[in-house]
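A.B. asks: Once you've had a glance at the structure underneath, I'll fire off some questions.
The values are calculated or read from the model by the stated rules, or taken from the named source; none is laboratory data. Just so it is clear, the model here is predicted, and its values are computed rather than measured. A quick note on method: Cβ atoms are made from the backbone with ideal geometry, for glycine too, and the neighbour counts reach across all protein chains shown.
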Amino acid sequence: MASFPSTSQPLLTPRSAIEFRGGADRALVAAHDRASLEVTSSGLGWRGIAVEGGRMPGWDVQDLVVEQHMIAVNLDTEPLAFERVEHGRTQTATMPPGSVWVNPAGEPITHKIQARSHFLNLTLEHARLTRLTGQGDLELRGVIGETNPQLAALMTAVSAEARQGGRHGRPLLDTLALAVATLLCQDFAAAGPVREPTGPLADRQIQLVMELMKSRLAEGVSVVELADTVGYSPDHFARCFREATGDTPHRRLTFLRLEEARRLLLATDRPVAEIAAATGFADHSHLTRSMRRMFDLTPSELRAA
């Protein structure tokens, strides 16, 4: 469960990855200032998603706001009981071990916890949630103490990536963000589970996707970015793309890279290693293996022929 000091604490310190705001002016608050942080994504350059966790003594907070959707999980082995105010009424809430709290973006938090807590918090921007799910009008319901082992496990995975300094890069983070967004969409949508969009990809949409792939051969492009180009959720886009082309997005990108590598091998005298880097392959050997699988020829054999 998340733990916060009162809103009278100093402004947010650079070490915190999650922005908390309090009071009528919504000034930044150092809500994790008293926490013994064990993990934070601060300084990793992550956009639209953040994670932070550790241990916090009791806290008393009024009208605290996070402008992103926030999910917290109780990492303690004991239930965490506390008082909270909702719609002007004081209530008692309990979070069993491993249970989650989902707080929709902008929902005010007025809680009082006396016990020490072990927390892990994750925030996801609403814009990224809608982009990942393809649901522009998606609203989440707030819950406290609900069991959702998949969501808790995904938060742990994001936390592990932050502990390692984000060493797997954007592809893994995009995949984890997509999984978190999917669970929020399916399990915590205010209107109930959201149905996938229907309909095949139009020719123009396929053309836009191909153009983006061709423009990003060297650095690559994720399924999330490709789906965003045509306004689909990544899962639905991948299915529709395969139905329309007979290929997965990854396989088609690899084919386009190999086609460009073949063109450069035949039309220029650039070194093979240089061509490999220009078309998104790790090195000379990676290009050679891929080309042999696709064309049954190595770069040297292609040039000789």
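A.B. asks: Could you check I18 against (1) under 30 Å from D228 (Cα atoms); (2) among the hydrophobic types (A, V, I, L, M, F, W, C); (3) outside any loop (DSSP other than H, G, I, E, B) and say which number it fails?
C.D. replies: (3)
A.B. asks: Quick one: would you say T123 is among the β-branched types (V, I, T), surrounded by fewer than 15 Cβ atoms within 10 Å (Cβ to Cβ), farther than 16 Å from H236 by Cβ and not assigned by TED's automatic domain parsing to the domain that holds F237?
C.D. replies: Considered against the rule, which asks whether it is among the β-branched types (V, I, T), surrounded by fewer than 15 Cβ atoms within 10 Å (Cβ to Cβ), farther than 16 Å from H236 by Cβ and not assigned by TED's automatic domain parsing to the domain that holds F237, T123 comes out as no.
A.B. asks: If the requirement is being within 30 Å of R251 (Cβ to Cβ), assigned by TED's automatic domain parsing to the domain that holds I109 and out of contact with any Asp or Glu (no Cβ under 6 Å at 6 or more places or on another chain), which of these qualifies: L151, L212, L132?
C.D. replies: Going through L151, L212, L132 in turn, just one is within 30 Å of R251 (Cβ to Cβ), assigned by TED's automatic domain parsing to the domain that holds I109 and out of contact with any Asp or Glu (no Cβ under 6 Å at 6 or more places or on another chain): L132.
A.B. asks: Which number in (1) part of a helix (DSSP H, G or I); (2) under 21 Å from R204 (Cα atoms); (3) out of contact with any Lys or Arg (no Cβ under 9 Å at 6 or more places or on another chain) marks the one condition that L253 misses?
C.D. replies: (3)
A.B. asks: Which of the numbered conditions does D174 fail, given that it passes all the others? Conditions: (1) part of a loop (DSSP other than H, G, I, E, B); (2) charged (D, E, K, R); (3) in contact with a helix residue (DSSP H, G or I) (Cβ under 6 Å, 6 or more places away or on another chain).
C.D. replies: So the condition that D174 fails would be (1).
A.B. asks: Please find, within the range 105-144, the residue that is nearest to I71 (Cα to Cα) out of those that are in contact (Cβ under 8 Å) with a residue 60 or more places away in the chain and either part of a loop (DSSP other than H, G, I, E, B) or among the small types (G, A, S) (or both).
C.D. replies: Step by step, filter the range 105-144, then rank; the result is E125.
A.B. asks: Another question, if that's okay. Here is a check on your reading of the model: is A202 at pLDDT below 90, closer than 30 Å to L183 by Cβ, over 27 Å from the mean Cα position of the chain (by Cα) and not basic (K, R)?
C.D. replies: Criteria met by A202.
A.B. asks: Separate question: Can you confirm whether the range 75-98 contains a residue that is without any contact (Cβ under 8 Å) to a residue 24 or more places away in the chain and closer than 21 Å to T40 by Cβ?
C.D. replies: no
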